[in-house]
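Read through the structure below, which is laid out as structure tokens, and then see the notes.
The values are calculated or read from the model by the stated rules, or taken from the named source; none is laboratory data. From a predicted model like this one, the values you see are computed outputs, not experimental measurements. Note that each Cβ is placed from the backbone with ideal geometry, even for glycine, and that neighbours are counted across all protein chains shown. Only protein heavy atoms, including side chains, enter the accessible area calculation; ligands, DNA and RNA are left aside. Shrake-Rupley method; radii C 1.70, N 1.55, O 1.52, S 1.80 Å.
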Amino acid sequence: MTPEANLAYAAELIRNGKLVAFPTETVYGLGANALDADAVARIFDVKGRPRTSPLIVHVDSVEMAQTLADEWPDTAELLARIYWPGPLTLVVAKHPGIPDIVTAGLPTVGLRMPAHTMALELIREAGVPIAAPSANRFTELSPTSPAHIPDSLADFTLDGGPATVGIESTVLSLVGQPTLLRPGVIPVDELESLIGPIRQCVATPGEPHPSPGMAERHYRPRTPLYLGEFPGEGKGVYLRIGHEMPEEPRAYAAALYETLHHLDTQDLDWIAVEIPPDTPEWAGVLDRLRRAAE
Ligand code: AMP
Ligand code: MG
């Protein structure tokens, strides 16, 4: 099929309640019509994802986002106009038209306009917003190319090449005081210079999470990964910043999952990773490594 035929086919599948794996600039998503509760339920089932973890709804425009929000604060308008399309998810009050299963029963919804032409064309052709988590099984590594996507998750996969950002979006709640729910490649101090102070939301081990989707175990390769320490025995590799891995945080993020997917095929006993600096630029990468580590 030609790329255009693939897109038209994928859009038809979305309209018919099927699941389509599609490229975004962050990672590959597993998408369904966000307004179809049964289709969205299948996403949770095939991924083995707990229904307490809300999905991000992908839109093709700021206007579509506004129709899905019960309230669209000035801060959302400002940030969407600056960062969309791009790796920033905005959590706002949800419109009653969005089925509860999408948002795990929360009164809020996470919205994002992805910066990949294929993703935007898919949403446009389908004519509906697309709910999509990453196209992997729960707790496993996110896919940054179609080859990483497990068979049997999607009814169809659109190939848009390797993801350029490489880690999941920054998630920012604009309900009440702005709160960072998940760091990504956009440094939080940059967001603060636009909208003022942002609370950092960190889950305390053993206590209820302030937001869903903050599972400690997440983004895991099959090979045990150690952060900043060497297991010593067995066969492994040590990933140093500026040597095996890029020196610059954005380039590092772009390479991270691809590297881990590759090392997972190498029959290693361990992967050790140099701890990145604790700075806003590295926050997204550091967060993923902490959750991936033993
Ligand atoms: P994933 O699909 O696994 O990349 O995760 C989506 C992330 O978005 C989760 O970690 C949630 O924390 C966050 N998220 C999505 N929707 C909401 C929402 N309505 N309220 C709070 N967090 C959300
Ligand atoms: Mg995921």
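General remarks:
- Unit charges on C-beta of K, R, D, E only; dipole of the chain, Debye: 540
- Using the rule -39500 (n - 2.57) for each DSSP H run of four or more residues, divided by the residues of the chain, the 222 nm mean residue ellipticity is -8500 deg cm²/dmol.
- When segment 43-189 is described by a simple charge dipole with +1 on each Lys and Arg Cβ and -1 on each Asp and Glu Cβ, the residue from 79, 175, 161 located farthest towards its positive end is 175.
- Over the chain: Rg over Rh, Cα atoms, Kirkwood Rh: 0.95
- With both labels modelled 7 Å from their Cα along Cα-to-Cβ, the residue 278 to residue 70 distance reads 3.8 nm.
- Take each peptide in 77-83, 144-150, count the other Cβ atoms within 10 Å of every residue, and average; sorted highest first, the result is 144-150, 77-83.
- Secondary structure note: in segment 77-186, about 65% of the DSSP beta bridges are antiparallel.
- Selected from 136, 33, 16 as most flexible by GNM, with the chain as the system and alpha-carbon contacts under 10 Å: 16
- A Cβ-based charge dipole, computed about the Cα centre of segment 5-103 with Lys and Arg at +1 and Asp and Glu at -1, lands at about 420 debye.
- Solvent exposure of the chain amounts to 43 Å² per residue of accessible area, where only protein heavy atoms count and the probe is 1.4 Å.
- Eligible lysines near residue 47 by straight Cα distance, threshold 22 Å, same-chain separation 8 or greater: 18
- Once the Cβ-Cβ distance of residue 9 and residue 82 is raised to the sixth power relative to R0 = 30 Å, the FRET efficiency obtained is 0.30.
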